[in-house]
Structures are given as structure tokens and as C-alpha cells.
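Here the structure is laid out as C-alpha cells; the discussion comes afterwards.
Each value in this text was obtained by applying a stated rule to the coordinates, not by laboratory testing. What you are looking at is a predicted structure, and each value in this text was computed from that prediction instead of being measured. Glycine gets a Cβ as well: all are built from the backbone with ideal geometry, and neighbour counts include every protein chain shown.
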Amino acid sequence: MRRLLLALAAIAFSLTLSAQEPTGGVKGTIVNRNGRQPIEKARLVLLKGAEQVAETESAEDGTFEIQGLPDGMYTLSIVAPDFLDNLVQVTVNDGYMKNMFNLSMTSVNRVTELDDDSFAAFDMDDSGYNDNPTILFGSNDVFNNIAGFNFSAVRFRARGYSSESQDVYLAGVKLNDAVTGYSPFSLWSGLNEAMRSKESVSGSEVSDYGFGGYNGLTNIFGNAASVRKGLRGSVMTNSQLYRLRVMGSYATGLMDNGWAFAANVSARLGGNDWIDGVYYRSFAYYLAADKVFNNVHKLSFAFFATPGERGAQNASTQEVYDLMGDNMYNSNWGYQNGRVRNARVRKTHEPVTFLKYDFTPSDVFEASATVLYRFGKNGYTALDWYDAQDPRPDYYRNLPSYFHDSNSDMNRNNPVKWAWANEVWSNASYYPELTHINWDRLYNVNRNQADGRAKYIQEERHVDQNDLNLAASFKWRAAEFVTVTGGLSGRINRTEYYKVVADLLGGEYFLDIDNFADRDFASQPWKVQNDLNYYLANGTARKLKKGDKYGYDYLAQVRSAGGWVNGKFVFGNLSANVGGRLGYEGFWRHGLMRKGLFPGYPSSQEMAKQWEAAGIEPSDESSSWASRKAEFLTYAGKLGLTYVIGGTQRVYANVGYFNDAPKFNQVFLSPRTRNTMVDDVEPVKTFSSDINWQYSGGGINVRATAYYTTIKDQSKVMSAYDDLQNAFSNFAITGIDQRNMGIELGFKMPTYFVENLSVQGVLALGSYEYTSNPVMTQTVDNSAEVVMQDVLVPYWRSTTLEDGTVQKHYIPSTPQTAVSLGLSYNRNYWFIDMDVEYFGRSYLDMNPLYRTDYATAGPDNNITAQEIAYMTSQEMFKPAWLVNASVGKSWFIKRKYQLGFSLNAKNLLNNTNVKTGGYEQTRLVDNTVSKERFYRFDPKYFYMSGFNYMLNVYFRF
Amino acid sequence: MKKLIIALSVALVALSSCRSLKEEWDPVFTFGANEPAAEKLFSEADLKDLGFPGTFTSIKDLKAMYKDGGVAIKTNTWIKGQVISSDVNGNIYRELYIQDETGGIDVKIGKSSLYSEFTLGQWVYVNCSNLTLGAYNGMPQLGLEADSTSTNEYETSYIDVQAIINEHVFKGAKADPVAPVAVDEAQLKAAISAGYTGELWGKLVTIKGLLYGKKIFALVYPNPNMPHKSGNPENRVFLSDSGTWGIDTWALTKNTYIDILLNTNAWDSAQVGSGNKRYCTITKSPNDCKGDMPESVLKTFGSDAGMPYKQIMIKYATANYVSHYFRIGKTDVQVRTSGYARFADQKLDSRLRDGSSTCDITGILSIYNGAAQFTLVDDPSVSVTVH
């Protein structure tokens, strides 16, 4: 009976409504934000509260119209394949048809797969160099959108800046590595769906989430409600890095009850077409929940990690590449029992969790606070050996050049040996045991040891972080023309550096002693101990088993806190922002192992007696306990001006000054062995400025920028084996100045003569130069002796060639000229892109030793113009042309399911001769006939892969 | 569209699995590689497949092939012997000594840490064809043809290309270490008289009743980075002729070398120079010696020219060999020890140094410019027995 009454009432009510025949409605055109092309078949759902009141899809020209709407406020949900979902508030008044004109959607095709997987993991660990390319984000920025995707293959760095200068935030927390400053993309690799939503600013602009530096800021939301609603699955195959990726995600979106849940899992597996030994066995998981209370309070929680492992690629000399006939040769792997095994494997499981609170009491004020914690394990394997032959196949003594060199001064002339070495490397497939790591031999050597003491092991170097972050920010629209943003942050980071025995390779144990010290101090057994305390307690070095810590164990303790505020003022077409940041950063080393070479002083009378009895000599430099603290006051200021012209053009300029602390890894001379710090380390001082013009209208998007930046008083520490010292050596360089200036141009516009066809391009033309000659201090791990103290590096900034020409030296490992020009076609959910790119003026990373008077003088202490030109010049890579193409299409099935694919084909010209980076070995050839000069060791390079593709097939509903 | 979906699926599967049988999936699914099988050790039967003619040449007969300047072996000659050397203590470097019942020989395998590859007593087969039999100051050596470099002083060069080692040197069965041969003065004299073909050279021997001669020999280079061959007497200092020069350790590690120079005047009378060219004592600088030193030579010292040689030696200090003289009867035997030996810093037993005791020494005997020379394989606590 009740049901009947209800039904009758409903019928009556609907009749009443129909009698009123509402005349209101909403219409508009769905367009691509980039290029303004119409988007057809976008799905539009009109909601009133939680109730769906209408549904339609856009026509071929992108238009849509929903009629018969009563007056009121609605929410229009727009979903289109390959575009970020969009929600628009619509108010229908007085029965009119509301014209929304152009509703733009942001394409996700370009940025979908751009994370640290876009870059090969180059093994630079023992080189003393770093290689962390910048990942450009910014789906709203035409330059970043194109450059970010197209330039990743050559490890392009925006404006020549280092990757650590790019601020990366998650849920409002700055997540750049506390110890190195590197951007932490690997923490969420494979979680593309969960981390898709982000906001970016470029250059010195101030974000709502943080003050930022001079190289942009990206904030990834990472909460459940930011994940695209629905169930999604994709399968991807990729020929460059890993063979297969399987990914699935599910998100509820924000539900009526105020909850939102999201999950994302993925697996990346397999090798690739180009680099043997490089593989992925990586997984990823993400779980998140949001709860909204009264539209005022929101709590967000997320927990994610990307456990797994990936094999790394090593650099080799050109001699090796040429002999192998393969610029992709990777010396890190070899056969074990006939199966491929990589010695260098990154093994990580670093969960990140955060709890974020958002407070939105009114339309004019919002605030949020986040606590974020990162923990877990981050290991990297490598071979270690004691009193045994170097197991690296491309060790310089295994190469033909070691046996013959046309330069008679090198004193290498044995044709028989040269011929044999040449035969081996030229016919590598016949000699896999000589041209790759011979794992079987390593096992056999270990088995040969009567007492079971392993000579070769695989170690795992750990950098395990405990990183606790607190961040809060607010946004207050204080008046119609004033918006104030600001925030506070604090960080406690405790990173433990240590290594463990990962594999004894058939041995029974490995002894915890210092290899290099053992050679020099064999008659003083206490001095060769890595763990002196263990030795004193047990009378012998520790016999290590699998999983045991050894070698070194220390903490990098970092503390930082700060606050920032920014005011944005709008006066008609003119707006300005002024902001400042003030903070503190302090760090110190805390040694957890007392090393025999640097025991420090005994901490008690009892210990003093014990040391005396054992003949242990105290040292000023200590390997254990806490170092002195390095403390820095950091501050920065920014000023920005923007002028809007006619609704389509914007001219804006930014200037900033930054006084930033150096990082832990730039200050400690030899953190693996002792507490000693570089003297007189200065904060890094950066002045940055840019002026920009942006045009957006009529389907045309253009951004042109000119920038000028100076960075002063940088420091870095490099470590490498020094033949002249017969020891592992540390080179601390301070006072490195550079200047980065140039222009950026990005554009996308219709071709007009073919419908839906756009032309797009970017130009990055820069000049990134060193502008100072720094000073260098060289120490060795084996003693407290300072090999070179505050020695000027007079040829760092430039070289004078023999003809008197001065050759400047440049910031390495990024092209200073990068151009892309292409066509883009979008129609009926097809997209086809084709780009041609040019990269030029990329340089090899320099080593400071070669730029000293010591290296140029040679053994005869006589500096000649020829030696200067030879020893100090910087290599410029050959320019490169690349052609890339992409094609994609998606379909709606029964208006509910969506199936699509995208195929990206890169380097269609199959150019395998493009150097993307490398480094000079910090070694000198000193054994010459004339004894008049030194020679360089050959540099090592990385090359870009040849033709490669990525095919992604996805299914969503 | 169905066809397209099928085509896409097939393409995806094909692209992701087309190499699935290849090596790129090895590390993904290995989950801990299996340990390799035990190393293959060659038997004499195995060698036939490698061109072994069926009979071995004795080491004695091999040595008999030697001619001045070295001889390239062109016949299919194979020798076999048991390993008697170990570089575990750092006193032997890039050399493998093997011996059969007729003698021993130094096979110049130019790799370090050979003790990890070849165990004491292990049988080793060497295909000598295309190797070179040479001599270093009279001592037989088997290596590759000498380098054609302007500074080469050797008749052979190291076999340091692994592919060549693999072609010529084959590991055989493991066996117990070889017992040293006891040698008396008469046998020693006979070997010295025989010269190159003396049966004792390259063998593991024990000489009993040796008396310390209280005399050493060492040649140090003030700046080892500068030319220091015999044509460069300005960069050579001999610690020889008489006495021990304050050296009471088996050799000079870098630290001991510096310690003597810094804290004693034991070497102050040492002369810079060799042969007929004796410039000055090490207390003087190259500039002070310039009366005898050509200006062109002096220039090579650069800014160090004004520094006393003693300071130059400290600045460029390295480890150095030392030969201690012992005597059996009237025959001298030098015990030559590397500054990189793990026992280099060990002091000679005080009873030896003061002449109150004799000792038995076990090591590899070699000939050096007509004199007998010992190389200790084991630590002196094992290889030197003081009575």
C-alpha cells in the first residue's frame, strides 16, 4: 500500500514538473587545452548534488548541449579518454541556456609514462659523478609538455640546472632527498595512476604548496580522491628498459558518504632490446583513503612503495664500444651457469606513508598540514674483492690499448698481446667469459681457498632512510586583490649508510678488513680493521656471513626547519607577488663503526689501557661517534610581476635570490672512513631571473622565456682510485661558480590548412658555463695525509689551446641546444604525433685533477702549452638528430567501457651514436718513456638506445 | 573493431614475449642463480684434444733450448710441473713457479693473486709453443716475446692476456705441496757454475746453516716517477758495499723507508749515482750536485731541484726491495724481499743480526748475475728457522 502511494505521489510530482517544462540548459565546446582542437565523444554527466540529471557526449566538433534544466546549481563531470577528468560548476538562471563556450581538457597522453623509468639507470656509483636528469612536468605549459616527453631520451636538464634544484613535493611535503637533494621519483615508479594528479610551476614561480627554488616545483597530490575514478587496467610493452608492465587501479572517487578509496598496483618485468643485463623485477602498490567531514575538514591517508630490483648499466670507454661494435655494451653482467647475472642491481623497498589534514572553513581561507614518513631499505649490489684480480671485464689492463699504443711515449708495444686482446674483444661472442663478468671463475677462486675465505663477494651498499617530515601551508584571500600563501616545514632525517655481504659466491666467509690498509699496514693488524672494537674484543677480524654488515656504517643526520610566505597582489591587469623564505639546515655524521685507520681517541681510561696494550695509536680524525655539526641559515626572496594583455597574452617576470645549504654528500671528505669535513664550506648563493611572454588564444599556445641565473660557491666531493697515490682518493672541490642563461620557446598552433592538424615545437637555447676556478683538496682513504691542500684548479673555467684560443668549459651532460619540431593530429580519439629533434652542445663531465698544475706539469714539473691543451680541454659531444612518432586511439564500448592504446616509437632513425653522458676517469698515465708528461685515461660514456617503442593497451571502466 | 582489438592483443603479446626465450628474462626469474659446477681440471688425456703431442719435455730439457737473447719456441713443446710458488704473502708478484723432478721454472703469468687460481702442489701443464724462453740476469723464465719498446731490458714479457693464458696454461689435478729439496754448499756451487741450466734455479729448496752476512743491498729511486734506469744515475741511490744501512727488516715498506729517512742519519752517506757517475750524498740537493750534473738533467727535477735528495725521497716514498746477504761456507746467498711483502716490516731475528745463530731458509732459489738468491714464499716465521 505504502509503495503504491509513493508511486502515485511520484507520478503526480513528475507531472507537475513536466507541466512546468523548464527551458534552461547548458552548452559549450569541449576542447584540448593544448591547441584548442575539439574533443569529440567526451562523456558529460550533469549532477545535481549526488543525483545524475543528464548525460550526453560531445559531437564531432566538440559541442554539446543539455536542455530542459530547471534553475539551480549543477556539477558537470567531463570524462574523455586520454584527458584528465574535469569537474565544472554550472549555474542555470532564469531558464536561460548557459553557454560555457570552450571547456578545456588537459591531455594526459604526454605525461602518462614520464617518471624515472624514462631514464636508464646508469651506474655511476664508483665514478665520483652524478647523473640525475630533470623530469619536466607541467601539462599546462606548452614548453614543458613537449620538452618533458621528447627530450627525456638525451637526459635533457631544463635550463641546465641540476636535478636537485627541482623541488618535488608529495601531498605538500618537499621530498627531495635530504642527503643528496636528488628528486625522488623512484619512490613511486610504476604508480602512474596514483601519482598522475599534480600541479607544477616552472622557473622561480611560487606554488601554493611551497616556496620553491629557481627550477620549478611539482606537487603530486597522491591522495585517494585525486586518483581517476573507476577500474583501470593496462598492459604495456617497452623495448628500451623493461619488457612488460602490468598495472591496475581502482578508485571510488569521492563518494556521498565523504569517503574516497584508491588502490594501484603494478609489475614491471623483463629486459629490453638494447642493453643486456639491464632488467626490471619491480612491483608497486598503493593504498589510500580520504574522508571529508562537513566539506570543511578532510583527512587523507596513503601508503605506498615500489619494492623490487633493477639491473644497472655501466659506462665503458670508446675503445670497448668500438671493439664490441656496440655502444650499448654493458660490463656489469656475465654468465653464471650459463645464465645472465648482473653484478649491479638496485634493490629497494622504501614505503612512504602520509596523513594529510585539509581545513577549508570558508571560500577565502584554506590550510593543510601533512606528516609524511619514509623508511625501508635501499640497496645497490656490487662486486667486492680482497687480494684478487680485478673481475671487471673491461678493466683497462684487459684491453688492446694496454698492449699497444702508437704513441711511443706510452711505452706500449707488444703486437702479439695486442692481437690477442683485439681478437677477444672483436669476437666477443666466442669469448663471453672474457668480455663479460666470469661468475664461474669467481666461484672457483673462492672454492680454491682452503680455509673457505672468500676472495670475491657481492656486496650490497645500503642507503636506508628514516625521513620524517612535517609541512603545513595556507592560502588566504585576504582581499579581492590580495592572496597570501605561506607555510612551515620541518624535517628529521636519519640515513644509515652501510654495506652487507649479499652473496659469498661459494665462499664460506669474508673477512672484515680494509683491503687498501691491509696492503700498507700488514704488520699492524689493528690498523687494517674495519671494526676495531670487534677486533679488540675478539682478537681477530670478524668472519662475515651473508647479511652481515661490514666495511663502513655511519649515519647522515639531517635536520631542517623553515617557513615561507608569499603575497600575491592583483591590480586590474597587473599582478605582483613578493615572497620570502627563512630556514635552518644542519647535518652531521655519526660513525657507528670504529675503523683502525682512524680510531680517534679512547673514550675511557679502560679503553685507553686496552689501546695501549694493543699498540693502537689514537688519531685526530675519527671514524666513530659524532662529527661536528655543519649548520646553515638559509633564506630566499622572490619577486614576480605579471601583466595580462587582452585576455590572451601574459607577460611575466621573476627574480629570486637563494642562500641554500650545501648537501651532506658535498661536505664530508670521506664519509665512509671518517668524520672530516671540507673546510670553510659556504652556502650556495643563487640569483635567478626570467622574463616570459605567453599567448593562449584561437587554438594557439606560445610561451617564450629568457632567463639568467648565477650559482656561486658550490662544492662537491668526488672519490676515485688514484694510481699515483696507490689509494682510494677523495677530491673536495669548493668555490664552483656557474652561469646559466638562455631562451626557451614552446608553441603549438593549428596548421589551418588541414583540420585537426597542429604544428608544435620547442627551442631551448642556453649557455651554461663555469665562471670560476675552484680550489681542490685531495685526501686518501688510507691516511690522514693531505695530498693537495686548497690547490687552485686553474683550468676549470677554461682552457687555452695551443693557438692561444680560449675554450670555455660548460656544465656537462645536457644539450645546451635542443630543438623539436613536429606535427600533431587529433581526431575522433585518434592522435598521431611526429617530431624531429636536434640536440647539440652537450659536454662531458670534467674531472678536477686534469685541470690542476700538477697534472699539466707532468713528472718533469714543466707546464707546456701542449700539455695544457691536451690535459684540460673539455670534450663536446657530436650533435644528434632524432625522429619520434606516436599514435593512439581509444574507443568507448557500450558507453561504459573504454579501450585504448598508445604506441610511442622513438629514435626512428635508429641512431645509436648519441652520447648522453659520461665522465672522465680520475686517473693519470704516468709510466711514460719521456717522463715529461702525464696522459689521460680514456673517458667513459653512456649512449642513447637506438629505435625503441612503447606500446600501451588499457582498459577502463 | 573486434579485429583491431585482437590485432592489438596479438601485437602486445608478441612484442612482450618475442624475446622471452632469450637471456633478458634470465635475471627476472632466476631468484638466486644456481652455483656453477666445479672447475674443470685437465688430465693428460684431456690435453690430447688441445694438441698435446703425447710426451712432455722436462724442464731441464726446456732450459737447454735457451740461447742468448731468448728463444721463441716454435715446436709443439709441453712441460708439466707442480706449483711451488704462492703470492699470498706478496713477496712473489705476477709469476708462477713450477717444478718437475728435473728442475723448476718461472712462468711469467702476469696476473696478481695467482695463489687464488693455482694451489701449492697443483699440477700445471704448459703448452710452450709460441712462448719465449728467456733470462733475467741469468735466471730462466718462460713468457711471451719481449715488448718492442725503447726502454725494454727483458728477453721475455708477461703472459698477461687472459686469452693467451687460457691457450697455454692448463690446470691439472690438485696434489699435496711439494717438499723442499735440501741443498748444501757443494750443490749450490755446482748450480752457480752451471749458470742458466743449473738444476736448482726455480726450485723450492732449503739451505741449512746459513749465517747472516750483516750486509744488505738495495737500490732506491729518489723520485720513482722520473726516469731511473741505468742511464739516469741522477735518480738512483745504492745502499750497498758494506753494512746494513740501518735496515733490520726484511724489506722497506713505505712507512719504514720514511721512518729511516726522517728519524735517522743512517743513509746520509749514501751516494746519488751509479757506476762511474757518483754525484753527491743524499743530504745535498740536485742543485748542489750540479757541478757534475748536466743542466738538462737538472731541469728534470723542476721545483724539486733545490730540495735535498733526502727530502725528495721522503716526498716520493714508495716500498722498496732489500737483499740481505747470508752465507753458507764461503758462498753468499742473498735473500731478496719485496717492500710489498706482508712480512716486509718484520725484523730479522736478533740472534741472526748479532751473528750468534745460524738459520735454515726455505724458498725458491734463483740466480741473479751469477749469485744465488732466495725468494721467501712463506712468512719468515715459517720459512726461516733460527738455531
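Which of the trypsin sites (Lys or Arg not before Pro) found in segment A:618-668 are loop residues per DSSP with 16 or fewer other Cβ atoms within 10 Å of their Cβ?
Numbers: sites: A:Arg628, A:Lys629, A:Lys638, A:Arg650, A:Lys663; in loops: A:Arg628, A:Lys629, A:Lys663.
For trypsin sites (Lys or Arg not before Pro) across segment A:618-668 that sit outside H, G, I, E and B with at most 16 neighbouring Cβ atoms in 10 Å, the list reads A:Arg628, A:Lys629.
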Can you figure out the FRET efficiency of A:Tyr250 with A:Ala561, using R₀ = 22 Å and their beta-carbon distance, to the nearest 0.05?
0.05
What is the order of A:Trp476, A:Trp439, fewest Cβ neighbours within 10 Å to most?
A:Trp476, A:Trp439
Apply the Karplus curve 6.51 cos²θ - 1.76 cosθ + 1.60, θ = phi - 60°, to the phi angles in segment A:65-73 and return the couplings in whole Hz, x for Gly and Pro.
7, 10, 10, x, 9, x, 4, x, 9
Given Cβ charges of +1 for Lys and Arg and -1 for Asp and Glu, the option among A:Leu724, A:Tyr209, B:Phe326 whose Cα lies farthest towards the positive end of the dipole of the protein assembly as shown is A:Tyr209
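Please express the shape of the protein assembly as shown as an equivalent ellipsoid: the semi-axes are the square roots of 5 times the eigenvalues of the C-alpha gyration tensor, given largest first in whole angstrom.
On the way: eigenvalues 972, 222, 165 Å².
Whole-Å semi-axes of the equivalent ellipsoid: 70, 33, 29.
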What does the net charge come to around B:Trp250 if you take all other residues with beta carbon closer than 13 Å to its beta carbon, with K and R at +1 and D and E at -1?
-1
If you average the alpha carbon positions of segment A:904-957 and of segment B:341-356, how far apart do those two centres end up, in angstrom?
54 Å
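Where in chain B is the longest stretch that carries no GluC sites (Glu not before Pro) classed as loop by DSSP and with at most 12 other Cβ atoms within 10 Å? The partial results should precede the final answer.
Values: sites that count: B:Glu101, B:Glu153.
The answer is B:154-387.
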Whole-Hz ³J(HN,Hα) from phi, Karplus 6.51 cos²θ - 1.76 cosθ + 1.60, for segment B:61-74, glycine and proline x:
5, 5, 4, 5, 6, 5, 10, 3, x, x, 10, 7, 8, 9
Hey, got the dipole for chain B? About the Cα centre, +1 on K and R Cβ, -1 on D and E Cβ, debye to the nearest 20?
560 debye
Computed over chain A: longest principal axis from alpha-carbon atoms vs helix A:605-614 long axis, angle to nearest 10 degrees, is 50 degrees
Label point 7 Å beyond Cα of A:Glu60 along Cβ direction - residues of segment A:859-895 with amide nitrogen under 11 Å
none
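Just the projected area, averaged over all directions, of the convex hull on the alpha carbon atoms of segment B:219-315: how many nm²?
Values: hull surface 24.0 nm².
The directionally averaged projection comes out at 6.0 nm².
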For the protein assembly as shown, give the magnitude of the charge dipole about the Cα centre (Cβ charges: +1 Lys/Arg, -1 Asp/Glu; no others), in debye to the nearest 20.
2780 debye
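Among residues other than A:Ala732 whose Cβ falls under 12 Å from its Cβ, what is the net charge (Lys/Arg +1, Asp/Glu -1)?
Working: positive: A:Lys716; negative: A:Asp679, A:Asp680, A:Asp790.
Once positives and negatives cancel, what remains is -2.
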Taking +1 at the Cβ of each Lys and Arg and -1 at the Cβ of each Asp and Glu, which of A:Tyr509, A:Asn533, A:Asn448 sits farthest along the dipole of segment A:434-535 towards its positive end, judged by Cα position relative to the Cα centre?
A:Asn533
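What ranking of A:Val644, A:Val558, A:Val296 emerges when the number of other C-beta atoms within 10 Å of each C-beta is taken as an exposure proxy, fewest first? Spell out each step's value before the answer.
Values: A:Val644 16, A:Val558 23, A:Val296 12.
If I rank by nearby Cβ atoms, fewest first, I get A:Val296, A:Val644, A:Val558.
Quick one: net charge of A:Val762's neighbours, Cβ under 11 Å, K/R +1, D/E -1?
Numbers: positive: A:Arg703, A:Lys748; negative: A:Asp141, A:Glu744, A:Asp835, A:Glu837.
Residues close to A:Val762 contribute a combined charge of -2.
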Karplus couplings for segment A:297-313 from phi (6.51 cos²θ - 1.76 cosθ + 1.60, θ = phi - 60°), rounded to Hz, Gly and Pro as x?
10, 9, 10, 10, 10, 8, 9, 8, 6, 10, x, x, 8, 8, x, 9, 9
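Mind checking the dipole of segment A:517-673: about its Cα centre, +1 per Lys or Arg Cβ, -1 per Asp or Glu Cβ, Debye to the nearest 20?
Charge dipole, segment A:517-673, about its Cα centre: 600 debye, nearest 20.
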Report, to the nearest 10°, how far helix A:415-426 tilts away from the longest principal axis of the Cα atoms in chain A, using its own Cα long axis and a range of 0 to 90°.
20 degrees
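Where a ≥ b ≥ c are the square roots of the eigenvalues of the C-alpha gyration tensor, would you call segment A:210-337 rounded, which needs a/c under 1.5, or, failing that, prolate if a/b is larger than b/c, or oblate? It would help to have the intermediate numbers written out before the result.
Numbers: a/c = 3.69, a/b = 2.25, b/c = 1.64.
Prolate, because a/c is 1.5 or more and a/b exceeds b/c.
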On Cα atoms only, tilt of A:439-448 relative to the major axis of chain A in degrees:
40 degrees
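Write down, largest first, the equivalent ellipsoid semi-axes of chain B in whole Å, where each equals the square root of 5 times an eigenvalue of the alpha-carbon gyration tensor.
Details: eigenvalues 431, 199, 93 Å².
For chain B, the ellipsoid semi-axes come out as 46, 32, 22 Å.
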Rg [Å, one decimal], Dmax [Å, integer] - segment A:23-104, C-alpha atoms:
12.0, 36
Could you tell me which of A:Thr29, A:Gln52, A:Phe64 has its Cα farthest along the dipole of segment A:23-104 towards the positive end, charges placed at Cβ (Lys, Arg +1; Asp, Glu -1), taken about the Cα centre?
A:Thr29
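State the antiparallel share, in %, of DSSP beta bridges confined to the protein assembly as shown, rounding to the nearest 5. Intermediate results must be reported in sequence, preceding the final value.
Details: 405 of 431 bridges.
Expressed as a percentage, antiparallel bridges in the protein assembly as shown total about 95.
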